[in-house]
Amino acid sequence: MERTVTRIALFAALIAVLGLFPSFMLFAGVPISAQSLGVMLAGTILGARRGALAVLLFLALVALGLPLLAGGRGGLGVFVGPTAGFLFGFPVAAYVAGLIAQKLRRVDLLVSATAGALIGGVLVLYVFGALGMMLVTELGFAQVLATLSVFIPGDIIKAVLCGFLTRSIFMARPSLVATR
Amino acid sequence: MLALTLETHTWLHRIPAPAKLFALVVVTVLLLPVTDLRITGGFLIIVTLLYASLGGIAIREGVRLFRPILLILLVILAWHVVLGEPRAGLVICARILALVALANLVTMTTRLDDMIAVVTWLLSPLRRFGLAPSTFGLAVALTIRSIPVVLMKAEALRMAWRARSARRPGVQTLFPLALMTLDDAEHMSDALRARSGLASQETG
């Protein structure tokens, strides 16, 4: 029990710090933060349930008023803004990423974790993000997709990175990766 | 770790946190379906007046919190103009501005402890399913305490990278950072257990 709580708490802290990491630019003017990489890693390392709990804890701190989202944002406002869908999708993304990595135990961890991160952390997350943006902005699917599409390549890179990181952590500390 | 709460004391600070949160939920639900520009615009003016009543620092902080989504709002407005419905675009942008600003206002005038107390109270029914509210409080405290520690380790790793390489530190520091954080979690759970763990929390 103690182990579960400390792992979830420290992972929530890691997601927060990854958001503060200087973001790197993929194309001019499209900042990419490592925060959603943290969400993917939560799922592929802690497993579906605990990964989702770590993300929920992180979001709880944001809602409580800590400026932990990438770019120093936080507070209750971000949960009703145009990008709120991504925040609501974060725990689901971690859960799906973890679930897929857990189900694919027979294949190499690099493959299973990357697949989990791609489906959970990119596909599922963008479905939530796009639906949220459609609801808040009353734009159509095509317009929302066009607006969001500049960020998709960066997130695919992050998903592959998540696969490599998960495998490296498994090689260093096999007992810490719950999806194996 | 600095919260977004304003240090100065205003009349909104004195209103209890549950009342502010309840009012926020009610206003948000009521305003979402409104499509009349006069109502959403009028509401935006009321929110602006609320900010003004708190003084200059509230306005500055409110604007700072808003800057990241201004670009998105412009894109939204541009799309609606392209689609030939500029008035609908204005309604939607006014609504987003007003609701986000109002939610941030609650955050800016409520202390972190009071927010945690509300969440702990909201989570108390989960006791039936084996989650003690005190466990949530402990997890929140652990995370808030750990963020500066993890941040310090991240900085140390980046400095070590700079000492060895002419290139900017990039993703290479992520692996040791994640590993150190996970190791910390193990040490922390051992330390918690040595102090009789979570069991003592629930009785005490």
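The values are calculated or read from the model by the stated rules, or taken from the named source; none is laboratory data. Owing to the predicted nature of the structure, the values given are computational and were not obtained by experimental measurement. Backbone-built Cβ (ideal geometry, glycine too); neighbour counts: all protein chains shown.
Which condition number in (1) more than 22 Å from the chain's Cα centre (by Cα); (2) within 8 Å of another protein chain (Cβ to nearest Cβ); (3) part of a helix (DSSP H, G or I); (4) surrounded by fewer than 19 Cβ atoms within 10 Å (Cβ to Cβ) is the one that residue B:128 fails? In the conditions (1) more than 22 Å from the chain's Cα centre (by Cα); (2) within 8 Å of another protein chain (Cβ to nearest Cβ); (3) part of a helix (DSSP H, G or I); (4) surrounded by fewer than 19 Cβ atoms within 10 Å (Cβ to Cβ), residue B:128 misses (2) alone.
Given the options B:72, B:116, B:39, name the one that is farther than 17 Å from residue A:73 by Cα, without any contact (Cβ under 8 Å) to a residue 40 or more places away in the chain and at the interface with chain A (Cβ under 8 Å from one of its Cβ atoms).
Details: B:72 fails: farther than 17 Å from residue A:73 by Cα; B:39 fails: at the interface with chain A (Cβ under 8 Å from one of its Cβ atoms).
After applying the criteria, what remains is B:116.
Quick one: would you say residue A:87 is under 22 Å from residue B:174 (Cα atoms), touching a Phe, Trp or Tyr at 6+ places or on another chain (Cβ under 7 Å), touching a residue at least 12 places away in the same chain (Cβ under 8 Å) and surrounded by fewer than 24 Cβ atoms within 10 Å (Cβ to Cβ)? Break it down stepwise before answering.
On the way: under 22 Å from residue B:174 (Cα atoms): no; touching a Phe, Trp or Tyr at 6+ places or on another chain (Cβ under 7 Å): yes; touching a residue at least 12 places away in the same chain (Cβ under 8 Å): yes; surrounded by fewer than 24 Cβ atoms within 10 Å (Cβ to Cβ): yes.
For residue A:87, the condition - under 22 Å from residue B:174 (Cα atoms), touching a Phe, Trp or Tyr at 6+ places or on another chain (Cβ under 7 Å), touching a residue at least 12 places away in the same chain (Cβ under 8 Å) and surrounded by fewer than 24 Cβ atoms within 10 Å (Cβ to Cβ) - is not met.
I'd like to know if region B:49-63 contains one or more residues that are aromatic (Phe, Trp, Tyr), under 23 Å from residue A:151 (Cβ atoms) and surrounded by 14 or more Cβ atoms within 10 Å (Cβ to Cβ). Checked region B:49-63: no residue is aromatic (Phe, Trp, Tyr), under 23 Å from residue A:151 (Cβ atoms) and surrounded by 14 or more Cβ atoms within 10 Å (Cβ to Cβ). Of the residues examined, residue A:120 is not one that is out of contact with any strand residue (DSSP E or B) (no Cβ under 9 Å at 6 or more places or on another chain), within 30 Å of residue B:101 (Cα to Cα) and buried (at least 24 other Cβ atoms within 10 Å of the Cβ). Scoring residue A:32 on the criteria (1) modelled with pLDDT under 95; (2) at the interface with another protein chain (Cβ under 7 Å from one of its Cβ atoms); (3) touching a Phe, Trp or Tyr at 6+ places or on another chain (Cβ under 8 Å) leaves a single failure, condition (2). Residue count for region B:54-63, restricted to those that are touching a helix residue (DSSP H, G or I) at 6+ places or on another chain (Cβ under 7 Å) and either in a helix (DSSP H, G or I) or not assigned by TED's automatic domain parsing to the domain that holds residue B:103 (or both): 4.
To keep it simple, each residue is scored yes or no on (1) part of a helix (DSSP H, G or I); (2) modelled with pLDDT of 90 or more.
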| position | (1), (2) |
| --- | --- |
| B:8 | no, no |
| B:18 | yes, yes |
| B:29 | yes, no |
| B:43 | yes, yes |
| B:47 | yes, yes |
| B:52 | yes, yes |
| B:65 | yes, no |
| B:80 | yes, yes |
| B:92 | yes, yes |
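Of the residues making up region B:143-157, those that are within 20 Å of residue A:72 (Cα to Cα) and either of a type outside the set (Gly, Ala, Ser) or away from chain A (no Cβ under 11 Å) (or both) are B:143, B:144, B:145, B:147, B:148, B:149, B:150, B:151, B:152, B:153, B:155.
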